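The values are calculated or read from the model by the stated rules, or taken from the named source; none is laboratory data. Fair warning: this is a prediction, and the values are worked out from it, not measured in the lab. Note: ideal-geometry Cβ built from the backbone for every residue, glycine included; neighbour counts use all protein chains shown.
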Amino acid sequence: MTHELYNGPELMYSGHVGCPGCGATIAMKLALRALGQATMVVIPASCWAIIASSYPQTSLKVPVLNTAFASTAAACTGLRAALDMRGATFTTVLGWAGDGGTFDIGFQALSAAAERGEDFIYICYDNEAYMNTGVQRSSSTPFGARTMTTPDSSWKRTEKKNMVEILAAHRIPYAATASIAFPEDLERKLRKAKAIRTGLRFIHLYASCPTGWGYAPAQTVQVARTAVLCNAFPLYEVEDGLTYTLNRTGSLPVADYLKMQSRFRHLDAQTIQDIQDRVDLELQRLRQKAQPAGLESAVPAAASPGL
């Protein structure tokens with residue numbers, strides 16, 4: 001597979017305070033490439049609240065509204081209404097929250113906005129824990145992971161919440177998974193979401209984290225790609241809560257993904273097999289829902305990330 005090099009304007013400055021290898025910074029760069037200059041970003045308490053707005057500096061070339069942890073979707077709703085009253089209907093409102101501010105603390109406001117059919121895009125950049133406050137587990141933290149609040153033998157023994165399925169159950173017009181390792185897929189999905197103006201659009205964006213997951217910063221994109229190619233994070237989209245399209249899967253064993261990260265290093269062979277069985281079952285369920293024509297062949301793990 002060949003990848004076109006991006007030659008448009010960059011809406012994120014090269015200097016920022018993100019960790020080396022931060023997948024969330026790659027995520028923002030790619031998202032703004034797709035959405036363009038006429039975008040206003042709402043960011044709650046999160047890693048990105050620090051990365052974007054460490055006063056008196058900013059790392060973004062678009063307006064940012066910082067809001068409280070629980071209120072991303074509510075703030076997006078108000079901002080959209082204010083822009084529409086001013087006639088700025090061309091401006092895209094983007095909610096940009098981590099998994100803690102989406103899966104947990106911000107879910108009430110997100111669910112309410114989805115039910116009302118509010119007109120904005122909401123991206124959860126998912127690094128699978130509360131990274132900004134010291135790597136505490138969230139309901140997005142996967143089964144088997146160690147965090148500061150699930151340490152040693154107390155590693156997390158509950159499943160990761162399936163947020164796309166929850167949002168699809170709200171019958172929003174568009175929900176999808178995406179990954180920093182597949183930028184063309186992400187760009188296509190964001191352009192598609194931007195073109196829809198009839199309700200909330202939700203993107204669950206995989207953003208690997210070297211600090212919290214325990215791998216070398218240079219492996220960020222490789223970890224993200226492997227998550228897709230072992231089916232721990234398949235790429236798919238759901239339209240109107242009913243029509244599923246499977247975009248990308250793979251055939252790698254989940255052990256290849258787990259062994260890349262120290263947060264899973266304690267797992268024994270039986271537990272890894274249990275995780276493989278869970279991954280296989282979830283993929284089977286997804287394939288039963290998806291349109292067969294939507295499945296693309298997986299790229300090799302060594303393919304270019306296209307960044």
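Among the candidates VAL221, VAL254, the residue that is among the β-branched types (Val, Ile, Thr), touching a helix residue (DSSP H, G or I) at 6+ places or on another chain (Cβ under 6 Å) and either more than 17 Å from ALA181 (Cβ to Cβ) or surrounded by 20 or more Cβ atoms within 10 Å (Cβ to Cβ) (or both) is uniquely VAL254. Among (1) within 26 Å of SER111 (Cα to Cα); (2) free of Cβ contacts under 8 Å to residues at least 40 places away in the same chain; (3) not charged (D, E, K, R), which single condition is ILE51 missing? Unmet condition: (1).
Taken over the range 157-181, residues that are crowded, with 23+ Cβ neighbours inside 10 Å and within 12 Å of the chain's Cα centre (by Cα) amount to 7. Evaluation of PHE90 against the conditions (1) within 18 Å of LYS194 (Cα to Cα); (2) in contact with a strand residue (DSSP E or B) (Cβ under 7 Å, 6 or more places away or on another chain); (3) among the aromatic types (Phe, Trp, Tyr) shows that the sole unmet condition is (2). Scanning the range 96-107 for residues that are farther than 13 Å from ILE166 by Cβ and surrounded by fewer than 24 Cβ atoms within 10 Å (Cβ to Cβ) turns up just one, ILE105. Beta carbons closer than 6 Å, at least 6 apart along the sequence or on distinct chains, pair a first residue in the range 228-239 that is of a type in the set (Ser, Thr, Tyr) with a second that is part of a strand (DSSP E or B) and at pLDDT 95 or above for TYR236/THR177; TYR236/LEU246; TYR236/ASN247.
The range 179-297 holds helices (runs of 4 or more DSSP H) entirely within its bounds, and those carrying 3 or more residues that are within 15 Å of PRO142 (Cα to Cα) map to 220-229, 254-258, 269-289. If you go through the range 37-65 and keep only what is more than 17 Å from the chain's Cα centre (by Cα) and modelled with pLDDT of 95 or more, you end up with GLN37, ALA38, THR39, MET40, LEU60, LYS61, VAL62, PRO63, VAL64, LEU65.
When the range 108-156 is limited to residues that are of a type in the set (Val, Ile, Thr) and crowded, with 20+ Cβ neighbours inside 10 Å, the one that is nearest to LYS29 (Cα to Cα) turns out to be ILE123. Taking first residues from the range 17-30 that are touching a residue at least 60 places away in the same chain (Cβ under 8 Å) and partners that are of a type in the set (Gly, Ala, Ser), the Cβ contacts under 7 Å between residues at least 6 apart in sequence or on separate chains come to GLY21/ALA218; GLY23/ALA207; GLY23/SER208; GLY23/ALA224; ALA24/GLY18; ALA24/ALA207; ALA27/ALA207.
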